[in-house]
Amino acid sequence: MAVLSTLVTSLPSLSNIVLYAFLSLVVYIVFDIVNQLFGPKDAKQPPVVFSWIPFMGNAVEFGINPIQFLQNCQKKYGDVFTFRMVGKKVTVLLGADGNQFVFNSKQNLSSAAEAYNDMTKYVFGREVVYDAPHSVFLEQKRFIKAGLNTECFRQHVPMIVDEVTDFFKDFKKPTGTFDAYHTFGSLIICTASRCLMGKEIRAGLDGNVAQLYYDLDQGFQPINFIFSNLPLPSYRRRDEACKKMAELYSSIIQRRKAENDNTNADLLQALMESTYKDGTPVPDKHIAGMMIAVLFGGQHTSATTTAWTLLELAARPDLIRALREEQIEKLGSLKTDLTFENLKELTLLENCVRETLRLHPPIFQMMRKVIAEKVTFEKTGHEIPKGNFLCAVPGVTQVDETYFKDPLKYNPMRWIDLDDPVHTMEAGDDADVDYGFGAVGISSKNPFLPFGAGRHRCIGETFGYLQIKTIIATMIRMFDIELEGKAVPKPDYTSMVVVPEKPANIKYTWRE
């Protein structure tokens, strides 16, 4: 007992432990600050943004308003700089040249898969998208793009019109308000499911499918990018939902095959009929993963773009009138059926969507992780070491007055008048490069890249425009709209896509 008593009394008190821990933390912070200010620096590497807190770095400033943070850094450091965020080093490359460098970086130098797969593989499933070898991933993109073809688009337009009409039947009052992002999030789940996911998924949205999607969505948040797998309920529900979605798609595929149900104009059918280059049919689990990836790649981005477009239009009654006049002039009347062909004639409508994507890109940054010992940005000579994340930021470049006049003004006419500096720039020669899923279609040196560029450019752009234009063209026939508040809401950067801050309400009045 005497020995035990001696051991106990010799142990430091709890208060001393806390004090030692606190002092150690203070010393660590001071050492980090001194090292940043006076430590050795590699002149070949980009300047590093100062931060007060080790490990966290600039995460708080970036998280509150990343665009403002990056613009402030640009003024101080130029177009190329590195900041620290939760143990990661992110090298930002702004401007048209920065876009080109990041988006056209070779596969043996930097990798999108290394940047994102730790998060996406738990939501999409294994062996698809970034969890597949790069050559297989490009084949999978080819399958998806083949399923997004003109003949399918022709069938999609009346489907979307039907979904919009049915959705707003629940708006019984002659006038009222709705939350823009929440409303279009719900609507676009319906339109995307009807057009792409298959009639079976659309029919299940009122039941378990919606819950599975919600559970997956909760596993696709900013925290999942930082911590990909934690022992938390939301992570467990994410994993279970991924498994159940794969089982659901497998059962749908087997039923379609058994019943010879092969006339469906949806992406699911296109994937079922696809084969890899070696002749192997696409496995059910790959189809399920690709379908989940397509839904996640398009639903949030289309919902937020539609919401922002309607909010901007609600603040501009002159544009609403002009859009109706355009339909009357180009289509003959506001009662003419919308089609894939006549939607192309609505150029003002397209430019309204394009201007929304410029001012409110749903994905404001794209990343790659350096896997070579270093990569060199030739324009400045900066060397970026292995392990750093390369970051292109269309959300900053697209509101840079170097490329756009009055960049913070919502002005769809800029895409018609062509007075902005961006229209006189010399673009790169990489727009016609084919990585295996068709020509990219736009140079990576373009300052306007809401869908990215290069080998990882989004292949859903045409469907995205088609879906949003059809929704808006239908809605302005049905409603008069105006903002409930005094101004278009500010952006909320706390989710994976940039949504409007609440309240983001639109006042509607049914038209005669």
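The values are calculated or read from the model by the stated rules, or taken from the named source; none is laboratory data. Quantities reported herein were computed from a predicted structural model and do not represent experimental measurements. Cβ placement follows ideal geometry from the backbone for every residue including glycine, while neighbour counts extend to all protein chains displayed.
Being modelled with pLDDT of 95 or more and among the hydroxyl-bearing types (S, T, Y) is true for just one of T301, T309. Which residue is that? Steps first, please.
Numbers: T301 fails: modelled with pLDDT of 95 or more.
Only one candidate passes the filter, namely T309.
Rundown of residues vs (1) more than 29 Å from A453 (Cβ to Cβ); (2) out of contact with any Leu (no Cβ under 8 Å at 6 or more places or on another chain); (3) hydrophobic (A, V, I, L, M, F, W, C), yes/no style:
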residue	(1), (2), (3)
S105	no, no, no
Y116	no, yes, no
Y122	no, yes, no
Y130	no, yes, no
K145	no, yes, no
F153	no, no, yes
T183	yes, yes, no
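Determine whether D179 is at pLDDT below 90, within 30 Å of K507 (Cβ to Cβ) and of a type in the set (D, E). Show your work before the answer.
Values: at pLDDT below 90: no; within 30 Å of K507 (Cβ to Cβ): yes; of a type in the set (D, E): yes.
For D179, the condition - at pLDDT below 90, within 30 Å of K507 (Cβ to Cβ) and of a type in the set (D, E) - is not met.
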**OP:** Return the total of residues in the stretch 375-419 being crowded, with 20+ Cβ neighbours inside 10 Å and of a type in the set (D, E, K, R).
**Re:** 1
Subject >> Residues satisfying the stated conditions in the stretch 482-512, i.e. β-branched (V, I, T), outside any strand (DSSP E or B) and within 20 Å of I223 (Cα to Cα) >> reply: T494, V497, V498
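Taking the stretch 205-232 as the region of interest, how many residues are among the small types (G, A, S) and touching a residue at least 40 places away in the same chain (Cβ under 8 Å)? First the steps, then the outcome.
Narrowing the stretch 205-232 to residues among the small types (G, A, S): 207, 210, 219, 228.
Pick out the ones that are also touching a residue at least 40 places away in the same chain (Cβ under 8 Å) and you get 219, 228.
Final tally of qualifying residues: 2.
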**OP:** Search the stretch 60-96 for residues being surrounded by fewer than 19 Cβ atoms within 10 Å (Cβ to Cβ) and small (G, A, S), and hand back the single one that is modelled with the highest pLDDT.
**Re:** G78
**OP:** Would you check if there is a residue in the stretch 162-175 being farther than 19 Å from T304 by Cβ and polar (S, T, N, Q)?
**Re:** yes
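For a quick check of your reading: which strands (runs of 3 or more DSSP E) sit entirely within the stretch 290-390 and have at least 3 residues that are within 26 Å of the chain's Cα centre (by Cα)? Quick ask: steps written out before the conclusion?
Values: elements: 366-370, 374-377, 382-385.
Where strands (runs of 3 or more DSSP E) fall fully within the stretch 290-390 and carry at least 3 residues being within 26 Å of the chain's Cα centre (by Cα), they are 366-370.
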**OP:** Only residues that are surrounded by fewer than 17 Cβ atoms within 10 Å (Cβ to Cβ) and either in contact with a helix residue (DSSP H, G or I) (Cβ under 9 Å, 6 or more places away or on another chain) or not in a helix (DSSP H, G or I) (or both): list them for the stretch 111-135, please.
**Re:** E114, R126, E127, P133, H134
Original post:
Among the residues of the stretch 97-110, is any closer than 22 Å to P385 by Cβ, touching a residue at least 60 places away in the same chain (Cβ under 8 Å), exposed (fewer than 13 other Cβ atoms within 10 Å of the Cβ) and under 27 Å from the mean Cα position of the chain (by Cα)?
Top reply: yes
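Yes/no matrix, rows are residues, columns are (1) part of a helix (DSSP H, G or I); (2) at negative phi; (3) not small (G, A, S):
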| site | (1), (2), (3) |
| --- | --- |
| F143 | yes, yes, yes |
| A146 | yes, yes, no |
| V157 | yes, yes, yes |
| K173 | no, yes, yes |
| H182 | yes, yes, yes |
| L187 | yes, yes, yes |
| T191 | yes, yes, yes |
| L212 | yes, yes, yes |
| F225 | yes, yes, yes |
Original post:
Say we look at the stretch 463-485 and pick out the residues that are in contact with a strand residue (DSSP E or B) (Cβ under 9 Å, 6 or more places away or on another chain), at pLDDT 95 or above and of a type outside the set (A, V, I, L, M, F, W, C); which of these is surrounded by the most Cβ atoms within 10 Å (Cβ to Cβ)?
Top reply: E482
**OP:** Check off (1) more than 23 Å from the chain's Cα centre (by Cα); (2) free of Cβ contacts under 8 Å to residues at least 40 places away in the same chain; (3) in a loop (DSSP other than H, G, I, E, B) for G428 and give me the number that stays unchecked.
**Re:** (2)
